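J.: Sending over a structure as structure tokens; questions will come in a sec.
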Amino acid sequence: MMKRRDLFKTALSATAGLASFSVLKPLYAADDFVFRGPDVPNVPVTKIADRTFYFLAVDPEPAPSNFGFFSNPGFVVTSEGVVVVDTGGSVQIGEMLIRQIKTVTNKPVVAIFNTHIHGDHWLGNHAFVDAYPNVKIYAHPKVMEHVKNGAGAVWNGFMSRNTNDANAGTVITPPTLEVQGGDVIKVGDVDFKVHYMGKVHSDSDIAIEAVQEKVMFVGDMAMRRVANMADGNFANSIVAMENFEAMSHIKYFVPGHGEFDDVSMIRDQKQFFEIIYKTIEQYYDDGLSDFEIRPKITETEFMQKVAKDWPGFDSTIGRFVSEAYQEFEASLF
Ligand SMILES: [Zn+2]
């Protein structure tokens, strides 16, 4: 006889493209069994500023051992309620965040910002809508557009494959309210200013500035990690880092992955992108291919002394170089 889990997987593959696990329920019929991933162990809350906190994801990648918790959600406690920035990649992660936010304040969650389309930053919305049906969920319109085209199902599948189905039961719950760069959303005594800089890490990135807190949530635009630039743009990332660097009133930058820091994190990320892109520019005319340019990049002092220790460096730097090479080549035409 087939085990439950195999049955579940069969049902899932037979209905590929369906938007959520809940719609599969009738396929098991008869009993009330709903396959659901386990609860996520509590992750400690870290204080950044007076009213601003985040959850540091220690692991750089999703795995069964971390239940898919590998990106950093954050929150700000305003006089009117809690504003959350990114909600993790599953309903179980979202539920854990709600439990932990309640250890800091008994105020309800009233608003959420999702920093971009990658599902590890928003699939936890499900838990918040369950707990706070009136919560407002903001994102750049590109996020809604991508979800309409199936990105939510792709990311739910990614989370499932990498966590042994720890996210099972997660229903795709996209943001509903559009924000643009320059928008300011006032929640109680805190203003949230939205920054959009075009295609940086994806085409849907927004940074959220908690103005009175002098804290900027940068999503995945900056981090001390070598993770994923498949949807991004190197040249624009350099410009984005220059923009952030010029915001001298910001005290702390909170990345989507890795620890928060002052502007030094932005400078490190800028240098990282600059070395990759400018080295390619320098050697392209000599007819060097991407794999010939790669050692000229990895042997630089910055890469050896700083970036080499970032998670993902050895496994991903080659992909970054070839993606940047293609971007540079495309920019010539
Ligand atoms: Zn991302």
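Values in this text are rule-based calculations from the coordinates and carry no lab data. Small disclaimer: the values here were computed from a predicted structure and weren't measured. Glycine also receives a Cβ, built like all others from the backbone with ideal geometry; neighbour counts cover every protein chain displayed.
J.: Hey, can you tell me all the residues within the stretch 47-79 that are touching a Lys or Arg at 6+ places or on another chain (Cβ under 8 Å) and away from the ligand (no atom under 16 Å from the Cβ)? It would help to see each step written out before you state the result.
T.: So in the stretch 47-79, the residues touching a Lys or Arg at 6+ places or on another chain (Cβ under 8 Å) come out as 49, 53, 60, 76-78.
Once the filter is applied, which keeps residues that are touching a Lys or Arg at 6+ places or on another chain (Cβ under 8 Å) and away from the ligand (no atom under 16 Å from the Cβ), the stretch 47-79 yields 49, 53, 76, 77, 78.
Yes/no per residue for (1) more than 16 Å from the ligand (Cβ to nearest atom); (2) among the β-branched types (Val, Ile, Thr):
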| site | (1), (2) |
| --- | --- |
| 204 | no, no |
| 222 | no, no |
| 240 | no, no |
| 263 | yes, yes |
| 267 | yes, no |
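J.: Mind checking which residues of the stretch 294-314 are touching a residue at least 60 places away in the same chain (Cβ under 8 Å) and either closer than 14 Å to residue 279 by Cα or assigned to a helix (DSSP H, G or I) (or both)?
T.: 307, 313
Okay, residues lined up against (1) closer than 20 Å to residue 211 by Cβ; (2) of a type in the set (A, V, I, L, M, F, W, C); (3) touching a residue at least 12 places away in the same chain (Cβ under 8 Å); (4) in contact with a Phe, Trp or Tyr (Cβ under 8 Å, 6 or more places away or on another chain):
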| site | (1), (2), (3), (4) |
| --- | --- |
| 103 | no, no, yes, no |
| 111 | yes, yes, yes, yes |
| 114 | yes, no, yes, yes |
| 146 | no, no, yes, no |
| 156 | no, no, yes, yes |
| 171 | no, yes, yes, yes |
| 175 | no, no, yes, yes |
| 187 | yes, yes, yes, no |
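J.: Looking at this structure, is residue 70 among the aromatic types (Phe, Trp, Tyr) and more than 21 Å from residue 193 (Cβ to Cβ)?
T.: yes
J.: Further question on the same structure: With part of a loop (DSSP other than H, G, I, E, B), surrounded by 17 or more Cβ atoms within 10 Å (Cβ to Cβ) and out of contact with any Asp or Glu (no Cβ under 7 Å at 6 or more places or on another chain) as the only criterion, which of 248, 204, 237 stands out?
T.: So the residue among 248, 204, 237 that is part of a loop (DSSP other than H, G, I, E, B), surrounded by 17 or more Cβ atoms within 10 Å (Cβ to Cβ) and out of contact with any Asp or Glu (no Cβ under 7 Å at 6 or more places or on another chain) is 204.
J.: With the structure loaded, tell me whether residue 258 is within 16 Å of the ligand (Cβ to nearest atom) and either without any contact (Cβ under 8 Å) to a residue 24 or more places away in the chain or under 22 Å from residue 216 (Cα atoms) (or both) or whether it fails that test.
T.: Criteria met by residue 258.
J.: From the list 217, 253, 273, which one is within 16 Å of the ligand (Cβ to nearest atom), in contact with a strand residue (DSSP E or B) (Cβ under 7 Å, 6 or more places away or on another chain), among the aromatic types (Phe, Trp, Tyr) and free of Cβ contacts under 8 Å to residues at least 60 places away in the same chain?
T.: Only one candidate qualifies: 253.
J.: Taking the stretch 73-88, which residues are under 15 Å from residue 125 (Cα atoms), out of contact with any Pro (no Cβ under 7 Å at 6 or more places or on another chain) and in a loop (DSSP other than H, G, I, E, B)?
T.: Selection gives 73 alone.
J.: Take the residues of the stretch 118-136 that are part of a loop (DSSP other than H, G, I, E, B) and within 20 Å of residue 216 (Cβ to Cβ): which is nearest to the chain's Cα centre (by Cα)?
T.: Step one: of the stretch 118-136, the residues part of a loop (DSSP other than H, G, I, E, B) are 118, 122-124, 132-135.
Applying the additional criterion that residues be within 20 Å of residue 216 (Cβ to Cβ) yields 118, 122.
On the way: 118: 6, 122: 8 Å.
So the residue we want is 118.
Okay, residues lined up against (1) within 16 Å of the ligand (Cβ to nearest atom); (2) of a type in the set (A, V, I, L, M); (3) at negative phi; (4) assigned to a strand (DSSP E or B):
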{"site": "115", "(1), (2), (3), (4)": "yes, no, yes, no"}
{"site": "138", "(1), (2), (3), (4)": "no, no, yes, yes"}
{"site": "142", "(1), (2), (3), (4)": "yes, no, yes, no"}
{"site": "146", "(1), (2), (3), (4)": "yes, no, yes, no"}
{"site": "169", "(1), (2), (3), (4)": "no, no, no, no"}
{"site": "172", "(1), (2), (3), (4)": "no, yes, yes, no"}
{"site": "181", "(1), (2), (3), (4)": "no, no, yes, no"}
{"site": "191", "(1), (2), (3), (4)": "no, no, yes, yes"}
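J.: Additional query: Residue check, residue 226 against (1) touching a helix residue (DSSP H, G or I) at 6+ places or on another chain (Cβ under 8 Å); (2) more than 16 Å from the ligand (Cβ to nearest atom); (3) in a loop (DSSP other than H, G, I, E, B); (4) of a type outside the set (D, E, K, R), all met but one. Which one?
T.: Of everything listed in (1) touching a helix residue (DSSP H, G or I) at 6+ places or on another chain (Cβ under 8 Å); (2) more than 16 Å from the ligand (Cβ to nearest atom); (3) in a loop (DSSP other than H, G, I, E, B); (4) of a type outside the set (D, E, K, R), residue 226 misses just condition (2).
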